[in-house]
1. When the stretch 193-252 is examined, which residues are found to be part of a loop (DSSP other than H, G, I, E, B), among the polar types (S, T, N, Q) and within 20 Å of R139 (Cα to Cα)?
2. Any residue at all in the stretch 203-210 that is out of contact with any Pro (no Cβ under 8 Å at 6 or more places or on another chain), crowded, with 24+ Cβ neighbours inside 10 Å and either more than 18 Å from E122 (Cβ to Cβ) or touching a residue at least 12 places away in the same chain (Cβ under 8 Å) (or both)?
3. Name the residue, out of L108, L63, that is in contact with a helix residue (DSSP H, G or I) (Cβ under 9 Å, 6 or more places away or on another chain), aliphatic (A, V, I, L, M) and surrounded by fewer than 16 Cβ atoms within 10 Å (Cβ to Cβ).
4. What are the pairs, 6+ residues apart or on separate chains, where a residue within the stretch 181-201 that is touching a residue at least 12 places away in the same chain (Cβ under 8 Å) has its Cβ under 7 Å from a residue that is exposed (fewer than 15 other Cβ atoms within 10 Å of the Cβ) and assigned to a loop (DSSP other than H, G, I, E, B)?
5. Run down V97, V86 and say which single residue is in contact with a Gly (Cβ under 9 Å, 6 or more places away or on another chain), assigned to a strand (DSSP E or B) and either farther than 30 Å from I15 by Cα or assigned by TED's automatic domain parsing to the domain that holds V28 (or both).
6. I need a count of the residues in the stretch 274-328 that are closer than 30 Å to T340 by Cβ and of a type in the set (S, T, Y).
7. Would you please list the contacts, defined by Cβ atoms under 7 Å and residues six or more apart or on different chains, that run from a residue in the stretch 20-40 that is touching a residue at least 24 places away in the same chain (Cβ under 8 Å) to a residue that is of a type in the set (S, T, Y)?
8. Of all residues in the stretch 211-233, how many are over 18 Å from A117 (Cα atoms) and either in contact (Cβ under 8 Å) with a residue 24 or more places away in the chain or touching a strand residue (DSSP E or B) at 6+ places or on another chain (Cβ under 7 Å) (or both)?
Amino acid sequence: MAPETIGVSELTRRIKAALEGNFGAVDVEGEISGWKVYPSGHAYFTLKDEGAQIGAVMFAGALNACVQAKLFKDGAKVKVRGGVSVYPPRGNYQLVVRRMKLLGEGDLMQKYLELKAKLQAEGLFDSSRKRPLPYLPKRIGICTSEAGAVIHDMVRVFTRRFPRLHIRLFPCVVQGAETPASVMRALAYFAGEWRPDLIVIARGGGSFEDLFAFNDEALVRAIAASPVPTVAAIGHESDFTLAELAADRRAGTPSIAAEISTREFDKEWERLTRYEAAMKNAIVAKGEWFAQRLDHLGDILASSLSMYRERAAARFERAATRLSLLSPYAVLDRGYALVTASDGSVVKDAGQVAAGDELQVKLHRGELKVTAKG
């Protein structure tokens, strides 16, 4: 019997039906390659392992529903659930992905994202609760391992920039299950027994798994509740642990943390010296201005007093003139005389005097004593 002759479309339809019927729901692990999200929101990529590869598509609805969507990139190892289908116009078979998650660190990342969302909703990472770092700290507490390059690098930066600084290390475990409790003991010590002006929490970076201990909820809350301002330098520039988000400042590396925690002593001293000189010059200039102002006010006061004295003298002279005109002695200048009795009373009537009374006659110049006759 001769084989059935069919068209390309029919063959493709049958292949599509066979693939979808046998591989309608499969779980596949592989590595992402060629990841690209188009303006439509659909993502196209290749899923591969060491022996083969298959084209894949994740449509916008499925991609938007995935909490790890922003973490998908070339080289990421993932586990997908979907079905095999055929794209008829090209005759290519492909995997239509309905769900996808990262492998290995993917589960940790899921926990990270869930806890981050929870703490963010509580306002634990809000910029409004971040405190400014002290301007010139005198004491700094460091929470890190006593071994390795981190503490040595930080001390070198601290001593170079601000040699008068008092640094104290509280040795901490910075990787593994003991990390949260170890760092919290350091925070408790620096909050009470020896309280610095600033606390720096540091480690030298590492993989996501290495740093995951700094995403512990209790530790994150302890950092946020620290009564002393904190700087966290735990990952690298591209890594953000929740501990760093809770700290008052984050630094990309421990050395950068040491730099932002202190100012360069020599430069600060030079700047303060300039300020001091400028302040002294301003005080001198202001003093000179006040001296000139006082001289000017003194001239005005002296002029005002002189004018006041002249006016007062003129008023006094006018008053004296008026007073002299009213004086009974003024009429003596015109030849009149003032007669008073022995008791000092003024004699106005001859009936006031008896013969033999002694009288005093005051003239314009001099006085006379006379005896009254009957």
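1. If the condition is that a residue be part of a loop (DSSP other than H, G, I, E, B), among the polar types (S, T, N, Q) and within 20 Å of R139 (Cα to Cα), then S226 is the only one that fits.
2. There is no residue in the stretch 203-210 that is out of contact with any Pro (no Cβ under 8 Å at 6 or more places or on another chain), crowded, with 24+ Cβ neighbours inside 10 Å and either more than 18 Å from E122 (Cβ to Cβ) or touching a residue at least 12 places away in the same chain (Cβ under 8 Å) (or both).
3. After applying the criteria, what remains is L108.
4. From residues that are touching a residue at least 12 places away in the same chain (Cβ under 8 Å), the pairs are A191/P227; D197/K138.
5. V97
6. Total satisfying the criteria: 3.
7. Partner pairs satisfying both residue conditions: E20/S85; S33/T46; G34/T46.
8. Qualifying residue count, the stretch 211-233: 9.
The values are calculated or read from the model by the stated rules, or taken from the named source; none is laboratory data. It should be emphasised that the depicted structure is a prediction, and the values quoted were computed from it without experimental measurement. Virtual Cβ from ideal backbone geometry, glycine too; neighbours counted across all protein chains shown.
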